2 protein chains.
Amino acid sequence: MKRPPEISISRLAIYLRFLEDYIKEKGPQATINSRELAHFLDINHHQIRKDLSYFGKFGERGVGYRPEELKEKINNILGLDRGWNLCLCGMGNLGLALLAYQGFRLMRLDIVAIFDSDKKKIGKVFQGAKVYSPESIALVAKRLNIDIAIIAVPQSAAQKIADKLIHAGIRAILNFAPVKLNVPRNVKLRNVDLATELINLSYFLSSPK
Amino acid sequence: MKRPPEISISRLAIYLRFLEDYIKEKGPQATINSRELAHFLDINHHQIRKDLSYFGKFGERGVGYRPEELKEKINNILGLDRGWNLCLCGMGNLGLALLAYQGFRLMRLDIVAIFDSDKKKIGKVFQGAKVYSPESIALVAKRLNIDIAIIAVPQSAAQKIADKLIHAGIRAILNFAPVKLNVPRNVKLRNVDLATELINLSYFLSSPK
């Protein structure tokens, strides 16, 4: 199989979200073809077919895709059908917002532990997840089979937490701290950088049209 | 001037953040060449020179860049030197996290108003910004010269708020709601999609190495 580009993976996530809404609205028996999908999503239909082609054959000529089937296949491709255990590092306002975000559970992404160095928070339970000291990351990560970590600590603490997570065997990190983290090659790091997003808007507003 | 690609703009934001730290550490008189910059940032030095070349001539042959000067030029290119007024739509946990985020003020991005439909919140002040009803977006946006809006409302309310913002003349939106917003061509929309980021990690963990 040819390795699909990361942008195709991101688009699969968009197709998945659309299919969930579509099934809710039209029922599981409806079919949809790539042109309709393209129209709804405002993505070229050749692009949609190309994205899906990395993963095998989908849909039926003259009929289109069966949304339920396509959704299940995409869930499987993306590894969402098996579910993942997440930990949240940093229990500030951003941490609370992430815990409250319903989208995670819909995707079988379950925050099962929280790490925070604030002694007043350690031992408490938020949305079903207990707060532990960062010192026990290795222990807790192993015991609770944690796969993915979310870093939502201040910039100055981010690399130290990342090192602990990596040492504990975690290979996938979503980082919200505005700092470039150093991680080994076998660890997948994604950054959500609010500053960069806003800077893009600033540039748009100030650049000549 | 050749229009720079969006990825170059994003990298300028990274250079800017690095330069701020570098000046703090080494003082404003130090110089840095593109190879050193490349080494620190783990970005190819040809790439750095190319990114900067879209905007004119920088640095001095044999000497390198003067960090303070480069920082000021990048701030000017990105429109950050003039400062922007922001509004925050949605005052939940994510809203609180965004208000507390110090990075905005460093970039002269100032949240000057909050919109929330919760009557208990309207009239209160958070981090210096007053909460208004979404009904008064047009009025407040004009009175406070709001340039950029952040949408942090639930998915179901996002398009309605976006429509109000656009109607009020706001042309730059950062959207955190997990929904594809429809905006006219002259409005710049950036999305921060937590689900897509996590799906990328899920795919990484489950795909064959």
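Criterion first (assigned by TED's automatic domain parsing to the domain that holds B:Ala177, surrounded by fewer than 19 Cβ atoms within 10 Å (Cβ to Cβ) and in a helix (DSSP H, G or I)) does B:Arg35 satisfy it? Answer is no for this residue.
Among the residues making up the range A:47-77, those that are within 14 Å of chain B (Cβ to nearest Cβ) and open to solvent by 50 Å² or more (accessible area, probe 1.4 Å) are A:Lys73, A:Asn76. Reported count of residues in the range A:78-134, each being surrounded by fewer than 22 Cβ atoms within 10 Å (Cβ to Cβ), more than 14 Å from every other protein chain (Cβ to nearest Cβ) and acidic (Asp, Glu), is 1.
Residue by residue, here is whether (1) in the same structural domain as A:Ala149 (by TED's automatic domain parsing); (2) buried (at least 20 other Cβ atoms within 10 Å of the Cβ); (3) under 20 Å from B:Arg108 (Cβ atoms); (4) touching a Ser or Thr at 6+ places or on another chain (Cβ under 8 Å) holds:
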| position | (1), (2), (3), (4) |
| --- | --- |
| A:Asp163 | yes, no, no, no |
| A:Leu174 | yes, yes, no, no |
| A:Leu181 | yes, no, no, no |
| A:Lys188 | yes, no, no, no |
| A:Ser202 | no, yes, yes, no |
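Of the helices (runs of 4 or more DSSP H) lying entirely inside the range B:40-142, the ones with 3 or more residues being over 29 Å from A:Asn93 (Cβ atoms) are found at B:45-53, B:67-77. Of note, B:Asp193 satisfies the criterion of being at the interface with another protein chain (Cβ under 9 Å from one of its Cβ atoms), crowded, with 20+ Cβ neighbours inside 10 Å and of a type outside the set (A, V, I, L, M, F, W, C). Considering A:Asn175, A:Asn85, the condition of being in contact (Cβ under 8 Å) with a residue 12 or more places away in the chain and over 29 Å from B:Phe126 (Cβ atoms) is satisfied by A:Asn85 alone.
Kindly provide the set of residues from the range A:153-175 that are touching a helix residue (DSSP H, G or I) at 6+ places or on another chain (Cβ under 6 Å) and modelled with pLDDT under 95, ordered by number. Across the range A:153-175, the qualifying residue is only A:Val153. When you check B:Ile148 against the structure, is it within 12 Å of chain A (Cβ to nearest Cβ) and either under 19 Å from A:Tyr203 (Cα atoms) or open to solvent by less than 10 Å² (accessible area, probe 1.4 Å) (or both), yes or no? It is true that B:Ile148 is within 12 Å of chain A (Cβ to nearest Cβ) and either under 19 Å from A:Tyr203 (Cα atoms) or open to solvent by less than 10 Å² (accessible area, probe 1.4 Å) (or both). When residues of the range B:7-23 are filtered for being more than 7 Å from chain A (Cβ to nearest Cβ) and among the polar types (S, T, N, Q), how many remain? Number satisfying all stated conditions: 1.
The values are calculated or read from the model by the stated rules, or taken from the named source; none is laboratory data. Being a predicted model, the structure only gives us computed values, none of them experimental. Cβ sites come from the backbone with ideal geometry, for glycine too, and all protein chains shown count toward neighbours. Quick note on the areas: whole protein, heavy atoms, side chains included, nothing else; ligands and nucleic acids left out. Shrake-Rupley method; radii C 1.70, N 1.55, O 1.52, S 1.80 Å.
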